[in-house]
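Contents: one structure, followed by commentary.
The values are calculated or read from the model by the stated rules, or taken from the named source; none is laboratory data. These numbers come from a predicted model, not from an experiment. With ideal geometry, Cβ positions are generated from the backbone for all residues, glycine too; neighbour counts draw on all protein chains shown. What goes into the accessible areas is simple: the full protein's heavy atoms, side chains included, and nothing from ligands, DNA or RNA. Shrake-Rupley method; radii C 1.70, N 1.55, O 1.52, S 1.80 Å.
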Amino acid sequence: MKIILAFTLLYCCLIIQAKHADPKILDRDDGYTWEEHKKTHGLKYTADEDKVRKGYFDQHDAFIKAHNAAGHKSTLAHNHFSHMSDDEKKQWTGLLPRKHDDEPTGVSERCDDSSTPATLDWRNVNGTSYLTPVKNQGGCGSCWIFSGTCSMESRWAIKNKVPVPNLSEQNVVDCCGWSGCAGGFPEWTWDYIASAKDFYVNYLKNPVYYYNFLPKPYLGQEYTSNYPYTASFTNGTCKFSGNVGAYAWAYKTTDGKGIRSTHQIKRRSPAAFKLALQKGPFSVGVCASWTINFHKGGLIEASTCTCTGLNHAVNLVGYGEDEYGKYWIMRNSWGSGWGEGGYAKMEMTEEGSVGPCGVLLDGNYPNLYGDCIKDGNCKYWTYYN
(Lines give C-alpha, C1' and ligand atoms only; values in the text may rest on other atoms or scores of the structure.)
Protein backbone atom coordinates (compact mmCIF):
# COMPACT_ATOMS: atom_id res chain seq x y z
CA MET A 1 0.00 0.00 0.00
CA LYS A 2 2.86 2.37 0.87
CA ILE A 3 4.56 1.59 -2.44
CA ILE A 4 1.38 2.34 -4.39
CA LEU A 5 0.93 5.58 -2.47
CA ALA A 6 4.54 6.59 -3.15
CA PHE A 7 4.16 6.02 -6.90
CA THR A 8 0.89 7.93 -6.88
CA LEU A 9 2.51 10.92 -5.17
CA LEU A 10 5.45 10.79 -7.60
CA TYR A 11 3.09 10.71 -10.58
CA CYS A 12 1.14 13.68 -9.25
CA CYS A 13 4.37 15.64 -8.72
CA LEU A 14 5.45 14.97 -12.29
CA ILE A 15 2.11 16.12 -13.63
CA ILE A 16 2.27 19.32 -11.57
CA GLN A 17 5.84 19.98 -12.78
CA ALA A 18 4.85 19.39 -16.39
CA LYS A 19 1.94 21.78 -16.19
CA HIS A 20 4.18 24.50 -14.77
CA ALA A 21 7.20 23.86 -17.05
CA ASP A 22 5.90 25.69 -20.09
CA PRO A 23 2.36 24.86 -21.17
CA LYS A 24 2.81 26.51 -24.58
CA ILE A 25 5.69 24.21 -25.47
CA LEU A 26 3.93 21.08 -24.19
CA ASP A 27 0.64 21.89 -25.88
CA ARG A 28 2.27 22.74 -29.20
CA ASP A 29 4.46 19.67 -29.28
CA ASP A 30 1.65 17.24 -28.52
CA GLY A 31 -1.84 17.94 -29.73
CA TYR A 32 -1.50 21.41 -31.25
CA THR A 33 -3.68 21.15 -34.35
CA TRP A 34 -3.97 22.95 -37.66
CA GLU A 35 -7.40 24.28 -36.69
CA GLU A 36 -6.00 25.64 -33.42
CA HIS A 37 -3.12 27.26 -35.28
CA LYS A 38 -5.48 29.04 -37.69
CA LYS A 39 -7.53 30.33 -34.79
CA THR A 40 -4.44 31.48 -32.86
CA HIS A 41 -3.11 33.49 -35.82
CA GLY A 42 -6.42 34.57 -37.33
CA LEU A 43 -5.89 32.68 -40.60
CA LYS A 44 -8.65 32.13 -43.15
CA TYR A 45 -8.14 30.37 -46.48
CA THR A 46 -10.02 28.99 -49.44
CA ALA A 47 -10.32 25.20 -49.54
CA ASP A 48 -7.41 24.84 -51.99
CA GLU A 49 -5.14 27.25 -50.12
CA ASP A 50 -6.02 25.61 -46.81
CA LYS A 51 -4.79 22.28 -48.16
CA VAL A 52 -1.46 23.81 -49.20
CA ARG A 53 -1.00 25.64 -45.90
CA LYS A 54 -1.87 22.57 -43.88
CA GLY A 55 0.82 20.74 -45.84
CA TYR A 56 3.43 23.24 -44.63
CA PHE A 57 2.08 22.97 -41.09
CA ASP A 58 2.25 19.17 -41.13
CA GLN A 59 5.86 19.20 -42.36
CA HIS A 60 6.87 21.60 -39.61
CA ASP A 61 4.87 19.67 -37.03
CA ALA A 62 6.73 16.46 -37.88
CA PHE A 63 10.09 18.24 -37.67
CA ILE A 64 9.25 19.84 -34.31
CA LYS A 65 8.09 16.55 -32.78
CA ALA A 66 11.10 14.61 -34.10
CA HIS A 67 13.50 17.22 -32.70
CA ASN A 68 11.85 17.34 -29.29
CA ALA A 69 11.78 13.54 -29.05
CA ALA A 70 15.48 13.19 -29.90
CA GLY A 71 16.80 14.41 -26.56
CA HIS A 72 18.39 17.63 -27.79
CA LYS A 73 19.18 20.47 -25.40
CA SER A 74 16.76 22.82 -27.16
CA THR A 75 12.99 22.72 -27.56
CA LEU A 76 11.08 23.68 -30.69
CA ALA A 77 7.47 24.86 -30.91
CA HIS A 78 4.97 26.06 -33.47
CA ASN A 79 4.82 29.81 -34.15
CA HIS A 80 3.89 32.28 -36.89
CA PHE A 81 6.17 30.44 -39.36
CA SER A 82 4.27 27.15 -39.14
CA HIS A 83 1.99 27.83 -42.11
CA MET A 84 4.66 29.46 -44.31
CA SER A 85 6.72 28.10 -47.19
CA ASP A 86 10.51 28.38 -47.01
CA ASP A 87 10.39 31.27 -49.50
CA GLU A 88 7.93 33.12 -47.29
CA LYS A 89 10.10 32.58 -44.22
CA LYS A 90 13.02 34.14 -46.09
CA GLN A 91 11.11 37.44 -46.12
CA TRP A 92 11.72 37.54 -42.36
CA THR A 93 15.51 37.43 -42.87
CA GLY A 94 17.49 39.68 -45.24
CA LEU A 95 21.24 39.11 -44.81
CA LEU A 96 22.81 38.96 -48.26
CA PRO A 97 25.41 36.28 -49.06
CA ARG A 98 29.09 37.09 -48.94
CA LYS A 99 32.27 35.06 -49.35
CA HIS A 100 33.73 34.04 -46.00
CA ASP A 101 37.22 34.10 -47.49
CA ASP A 102 37.01 37.79 -48.36
CA GLU A 103 39.54 40.03 -46.65
CA PRO A 104 38.14 41.97 -43.66
CA THR A 105 36.52 45.28 -44.55
CA GLY A 106 37.66 46.92 -41.32
CA VAL A 107 39.79 46.38 -38.26
CA SER A 108 39.93 42.81 -36.95
CA GLU A 109 39.34 42.46 -33.22
CA ARG A 110 42.28 41.17 -31.20
CA CYS A 111 41.65 37.79 -29.58
CA ASP A 112 43.27 37.63 -26.12
CA ASP A 113 40.34 36.99 -23.78
CA SER A 114 42.40 36.11 -20.72
CA SER A 115 41.04 39.04 -18.73
CA THR A 116 37.37 38.73 -19.69
CA PRO A 117 34.76 37.88 -17.03
CA ALA A 118 33.28 34.39 -16.88
CA THR A 119 29.80 35.66 -17.75
CA LEU A 120 28.38 38.81 -19.32
CA ASP A 121 24.80 39.81 -20.15
CA TRP A 122 24.15 43.34 -21.43
CA ARG A 123 20.47 42.92 -20.56
CA ASN A 124 21.46 43.27 -16.92
CA VAL A 125 24.77 44.81 -15.90
CA ASN A 126 24.60 45.85 -12.26
CA GLY A 127 20.85 46.25 -12.61
CA THR A 128 20.98 48.26 -15.84
CA SER A 129 19.89 47.08 -19.28
CA TYR A 130 21.78 48.39 -22.29
CA LEU A 131 19.26 47.06 -24.79
CA THR A 132 15.94 48.32 -26.09
CA PRO A 133 12.92 46.00 -25.88
CA VAL A 134 12.99 43.22 -28.48
CA LYS A 135 11.71 44.41 -31.86
CA ASN A 136 9.95 42.73 -34.78
CA GLN A 137 11.05 43.25 -38.39
CA GLY A 138 7.98 41.50 -39.80
CA GLY A 139 7.94 40.28 -43.40
CA CYS A 140 10.46 42.88 -44.56
CA GLY A 141 14.00 41.70 -45.31
CA SER A 142 15.44 44.28 -42.93
CA CYS A 143 17.19 42.04 -40.39
CA TRP A 144 20.48 43.72 -41.32
CA ILE A 145 19.07 47.08 -40.24
CA PHE A 146 17.62 45.71 -36.99
CA SER A 147 20.91 44.01 -36.17
CA GLY A 148 22.94 47.09 -37.07
CA THR A 149 20.59 49.34 -35.11
CA CYS A 150 20.75 47.15 -32.00
CA SER A 151 24.56 47.28 -32.06
CA MET A 152 24.42 51.04 -32.53
CA GLU A 153 21.91 51.65 -29.72
CA SER A 154 23.72 49.59 -27.13
CA ARG A 155 27.28 50.60 -27.91
CA TRP A 156 26.30 54.27 -28.05
CA ALA A 157 24.77 54.07 -24.57
CA ILE A 158 27.67 52.08 -23.12
CA LYS A 159 30.39 54.26 -24.61
CA ASN A 160 28.75 57.59 -23.79
CA LYS A 161 27.21 56.53 -20.45
CA VAL A 162 23.75 57.68 -21.52
CA PRO A 163 20.30 56.01 -21.66
CA VAL A 164 19.87 53.59 -24.57
CA PRO A 165 18.41 55.48 -27.55
CA ASN A 166 15.56 53.73 -29.39
CA LEU A 167 16.64 54.31 -32.98
CA SER A 168 14.53 54.15 -36.11
CA GLU A 169 14.98 51.17 -38.42
CA GLN A 170 12.46 52.73 -40.79
CA ASN A 171 14.79 55.70 -41.25
CA VAL A 172 17.35 53.34 -42.78
CA VAL A 173 14.76 51.27 -44.67
CA ASP A 174 13.52 54.39 -46.48
CA CYS A 175 16.70 56.40 -46.80
CA CYS A 176 19.69 54.07 -47.05
CA GLY A 177 20.02 54.34 -50.83
CA TRP A 178 17.78 51.44 -51.89
CA SER A 179 14.92 49.37 -50.50
CA GLY A 180 15.82 48.38 -46.97
CA CYS A 181 13.42 45.43 -47.30
CA ALA A 182 15.56 43.95 -50.08
CA GLY A 183 18.40 42.81 -47.83
CA GLY A 184 21.86 44.02 -46.96
CA PHE A 185 24.61 43.87 -44.33
CA PRO A 186 24.67 45.44 -40.85
CA GLU A 187 27.62 47.63 -41.83
CA TRP A 188 25.49 49.24 -44.53
CA THR A 189 23.36 50.62 -41.69
CA TRP A 190 26.44 52.23 -40.18
CA ASP A 191 27.63 53.46 -43.59
CA TYR A 192 24.34 55.31 -43.95
CA ILE A 193 24.50 56.70 -40.40
CA ALA A 194 28.09 57.92 -40.96
CA SER A 195 27.26 59.61 -44.30
CA ALA A 196 26.17 63.22 -44.72
CA LYS A 197 26.44 66.24 -47.03
CA ASP A 198 28.55 65.14 -50.01
CA PHE A 199 30.40 62.52 -47.96
CA TYR A 200 29.37 58.94 -48.81
CA VAL A 201 30.82 56.04 -46.83
CA ASN A 202 31.74 52.70 -48.44
CA TYR A 203 28.84 51.10 -50.38
CA LEU A 204 26.88 54.33 -50.68
CA LYS A 205 29.41 55.52 -53.27
CA ASN A 206 28.21 52.83 -55.66
CA PRO A 207 25.89 54.36 -58.29
CA VAL A 208 23.94 51.09 -58.60
CA TYR A 209 21.97 52.13 -55.52
CA TYR A 210 19.71 54.39 -57.51
CA TYR A 211 17.13 55.14 -54.78
CA ASN A 212 19.57 57.72 -53.51
CA PHE A 213 18.18 60.03 -50.84
CA LEU A 214 21.62 61.21 -49.86
CA PRO A 215 23.11 63.59 -49.15
CA LYS A 216 21.31 64.00 -45.87
CA PRO A 217 22.15 67.16 -43.92
CA TYR A 218 23.46 65.46 -40.77
CA LEU A 219 25.23 62.38 -39.51
CA GLY A 220 23.09 59.98 -37.54
CA GLN A 221 19.98 57.84 -37.21
CA GLU A 222 16.61 59.20 -36.12
CA TYR A 223 14.65 58.18 -33.04
CA THR A 224 11.89 55.59 -33.50
CA SER A 225 9.41 57.96 -31.87
CA ASN A 226 10.06 60.41 -34.69
CA TYR A 227 10.18 57.82 -37.49
CA PRO A 228 8.16 54.66 -36.57
CA TYR A 229 8.55 51.30 -38.26
CA THR A 230 6.12 50.19 -41.00
CA ALA A 231 7.86 47.04 -42.33
CA SER A 232 7.58 48.36 -45.88
CA PHE A 233 9.41 50.50 -48.42
CA THR A 234 8.00 52.98 -50.90
CA ASN A 235 10.35 54.83 -53.24
CA GLY A 236 10.54 58.53 -52.45
CA THR A 237 9.31 58.43 -48.85
CA CYS A 238 12.51 59.30 -46.95
CA LYS A 239 11.53 61.63 -44.11
CA PHE A 240 14.89 62.25 -42.44
CA SER A 241 14.57 65.36 -40.28
CA GLY A 242 17.87 65.40 -38.40
CA ASN A 243 16.37 64.47 -35.01
CA VAL A 244 19.10 61.88 -34.45
CA GLY A 245 19.71 59.71 -31.41
CA ALA A 246 23.18 58.38 -32.28
CA TYR A 247 25.75 58.38 -35.04
CA ALA A 248 28.55 56.22 -36.40
CA TRP A 249 31.93 57.67 -37.30
CA ALA A 250 33.79 56.93 -40.51
CA TYR A 251 37.52 56.26 -40.55
CA LYS A 252 40.15 55.81 -43.20
CA THR A 253 42.06 52.53 -43.14
CA THR A 254 45.85 52.64 -43.31
CA ASP A 255 45.89 49.60 -45.63
CA GLY A 256 44.41 51.68 -48.43
CA LYS A 257 41.06 49.90 -48.51
CA GLY A 258 39.15 53.13 -48.16
CA ILE A 259 36.68 54.72 -45.79
CA ARG A 260 34.76 52.42 -43.44
CA SER A 261 32.32 52.58 -40.55
CA THR A 262 32.73 49.03 -39.25
CA HIS A 263 35.12 46.80 -37.37
CA GLN A 264 35.22 43.10 -38.15
CA ILE A 265 35.79 40.49 -35.46
CA LYS A 266 38.16 37.60 -36.10
CA ARG A 267 36.20 34.72 -37.58
CA ARG A 268 35.94 31.30 -35.93
CA SER A 269 37.29 32.72 -32.67
CA PRO A 270 35.16 32.57 -29.51
CA ALA A 271 38.01 34.37 -27.72
CA ALA A 272 37.76 37.32 -30.11
CA PHE A 273 33.97 37.34 -29.85
CA LYS A 274 34.12 37.39 -26.04
CA LEU A 275 36.62 40.23 -26.15
CA ALA A 276 34.45 42.26 -28.53
CA LEU A 277 31.45 41.79 -26.23
CA GLN A 278 33.24 43.62 -23.42
CA LYS A 279 32.40 46.89 -25.18
CA GLY A 280 28.83 45.96 -26.06
CA PRO A 281 26.55 43.82 -28.25
CA PHE A 282 27.51 43.35 -31.88
CA SER A 283 26.07 42.03 -35.14
CA VAL A 284 26.47 38.47 -36.40
CA GLY A 285 25.07 36.38 -39.21
CA VAL A 286 23.35 33.02 -38.78
CA CYS A 287 21.84 30.42 -41.05
CA ALA A 288 18.13 30.66 -40.26
CA SER A 289 17.27 26.97 -40.56
CA TRP A 290 14.11 25.37 -39.20
CA THR A 291 16.01 24.90 -35.93
CA ILE A 292 16.17 28.70 -35.67
CA ASN A 293 12.68 29.31 -37.08
CA PHE A 294 10.93 27.23 -34.44
CA HIS A 295 13.28 27.65 -31.48
CA LYS A 296 11.47 28.01 -28.17
CA GLY A 297 13.94 27.35 -25.37
CA GLY A 298 17.08 25.60 -24.16
CA LEU A 299 20.47 25.55 -25.90
CA ILE A 300 20.88 25.57 -29.69
CA GLU A 301 23.62 23.00 -30.28
CA ALA A 302 26.07 23.09 -33.17
CA SER A 303 25.10 19.51 -34.04
CA THR A 304 21.45 20.51 -34.60
CA CYS A 305 22.24 23.50 -36.83
CA THR A 306 25.17 22.71 -39.12
CA CYS A 307 24.26 24.95 -42.06
CA THR A 308 26.59 27.88 -42.76
CA GLY A 309 24.75 29.75 -45.50
CA LEU A 310 24.31 32.96 -43.51
CA ASN A 311 21.00 34.61 -44.38
CA HIS A 312 19.87 36.33 -41.19
CA ALA A 313 21.52 39.09 -39.15
CA VAL A 314 21.05 39.03 -35.37
CA ASN A 315 23.05 40.18 -32.33
CA LEU A 316 25.17 38.61 -29.63
CA VAL A 317 24.52 40.40 -26.33
CA GLY A 318 26.46 38.27 -23.86
CA TYR A 319 27.61 34.83 -22.84
CA GLY A 320 27.33 32.49 -19.87
CA GLU A 321 27.26 28.92 -18.61
CA ASP A 322 24.57 26.66 -17.16
CA GLU A 323 23.85 22.95 -16.77
CA TYR A 324 23.95 22.56 -20.58
CA GLY A 325 27.39 24.14 -20.94
CA LYS A 326 28.81 27.43 -22.18
CA TYR A 327 26.65 29.57 -24.46
CA TRP A 328 26.22 32.83 -26.36
CA ILE A 329 23.14 34.98 -25.75
CA MET A 330 21.60 35.78 -29.13
CA ARG A 331 18.97 38.47 -29.73
CA ASN A 332 16.62 38.09 -32.70
CA SER A 333 14.31 40.53 -34.48
CA TRP A 334 11.19 38.35 -34.67
CA GLY A 335 9.39 39.77 -31.64
CA SER A 336 9.29 38.69 -28.01
CA GLY A 337 7.12 35.66 -28.83
CA TRP A 338 10.06 33.93 -30.52
CA GLY A 339 12.50 31.93 -28.40
CA GLU A 340 12.80 33.03 -24.79
CA GLY A 341 11.39 36.52 -24.91
CA GLY A 342 13.09 37.17 -28.26
CA TYR A 343 16.44 35.69 -27.17
CA ALA A 344 18.17 32.31 -27.48
CA LYS A 345 21.20 30.53 -26.06
CA MET A 346 23.65 29.19 -28.65
CA GLU A 347 26.35 26.67 -27.83
CA MET A 348 29.83 28.16 -27.41
CA THR A 349 32.15 25.94 -29.44
CA GLU A 350 35.94 25.69 -29.62
CA GLU A 351 38.46 27.95 -31.39
CA GLY A 352 38.50 27.38 -35.14
CA SER A 353 34.87 26.24 -35.34
CA VAL A 354 32.01 27.94 -37.15
CA GLY A 355 29.62 27.65 -34.20
CA PRO A 356 25.94 26.65 -34.37
CA CYS A 357 24.27 27.97 -37.53
CA GLY A 358 27.59 29.60 -38.55
CA VAL A 359 27.38 32.22 -35.79
CA LEU A 360 31.19 32.62 -35.59
CA LEU A 361 31.64 33.39 -39.29
CA ASP A 362 30.67 37.05 -39.50
CA GLY A 363 30.81 39.39 -36.51
CA ASN A 364 30.95 43.19 -36.83
CA TYR A 365 30.33 46.35 -34.81
CA PRO A 366 30.08 50.04 -35.70
CA ASN A 367 32.89 52.55 -35.37
CA LEU A 368 32.09 55.17 -32.76
CA TYR A 369 34.14 58.26 -32.04
CA GLY A 370 37.27 57.09 -30.25
CA ASP A 371 37.29 53.47 -31.42
CA CYS A 372 40.40 53.93 -33.58
CA ILE A 373 42.59 56.09 -31.34
CA LYS A 374 44.86 53.28 -30.10
CA ASP A 375 44.57 50.95 -33.08
CA GLY A 376 47.38 50.84 -35.61
CA ASN A 377 45.16 49.58 -38.44
CA CYS A 378 43.02 52.65 -38.87
CA LYS A 379 43.04 56.36 -38.22
CA TYR A 380 40.41 59.02 -37.86
CA TRP A 381 38.76 60.39 -40.91
CA THR A 382 38.82 64.06 -39.98
CA TYR A 383 36.19 65.34 -42.42
CA TYR A 384 33.85 66.24 -39.55
CA ASN A 385 36.37 67.47 -36.98
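Extension gain for residue 69 to residue 351 (0.36 nm times residue separation, less C-alpha to C-alpha distance): 98.5 nm.
When a/c is below 1.5 the answer is rounded, else prolate if a/b is larger than b/c, else oblate, so apply that to the range 277-363 with a ≥ b ≥ c taken from the square roots of the Cα gyration tensor eigenvalues. Rounded, because the longest to shortest axis ratio a/c is under 1.5. Over 25 Å apart at the Cα level, from the set 90/345; 252/345; 135/159, are 252/345.
Does the range 124-185 come out rounded, prolate or oblate, given a ≥ b ≥ c as the square roots of the eigenvalues of its C-alpha gyration tensor, rounded meaning a/c under 1.5 and, failing that, prolate meaning a/b above b/c? Prolate shape, in that a/c is at least 1.5 and a/b is the bigger ratio.
With the simple model of a label 7 Å out from the Cα in the direction of the Cβ, residue 303 to residue 323 spans 1.9 nm. Take the range 259-349 with all the other protein chains still there, run a 1.4 Å probe, and you get 27 Å² of accessible area per residue. Ranked by the mean number of other Cβ atoms within 10 Å of their residues, highest first, the peptides 78-86, 275-283 fall in the order 275-283, 78-86. Taking all protein chains as they are arranged and a probe of 1.4 Å, the heavy atoms of residue 362 leave approximately 10 Å² accessible to solvent. Judged by the mean number of other Cβ atoms found within 10 Å, the most tightly packed of the peptides 127-135, 166-174 leads the ranking 166-174, 127-135.
Surface listing: 193, 259 arranged by accessible area from highest to lowest gives 259, 193, probe 1.4 Å. Among residues other than residue 333 with Cβ under 12 Å from its Cβ, the summed charge is +1 (Lys and Arg +1, Asp and Glu -1). In the context of the full set of protein chains, residues of the range 112-151 present 41 Å² of accessible surface per residue (probe radius 1.4 Å, heavy atoms only). Simple point charges give the picture: +1 on the Cβ of Lys and Arg, -1 on the Cβ of Asp and Glu, and for the range 224-363 a dipole about the Cα centre of about 640 debye. As a fraction of the 1.4 Å probe accessible area of the range 223-349, surface on carbon and sulfur atoms comes out at 47 percent.
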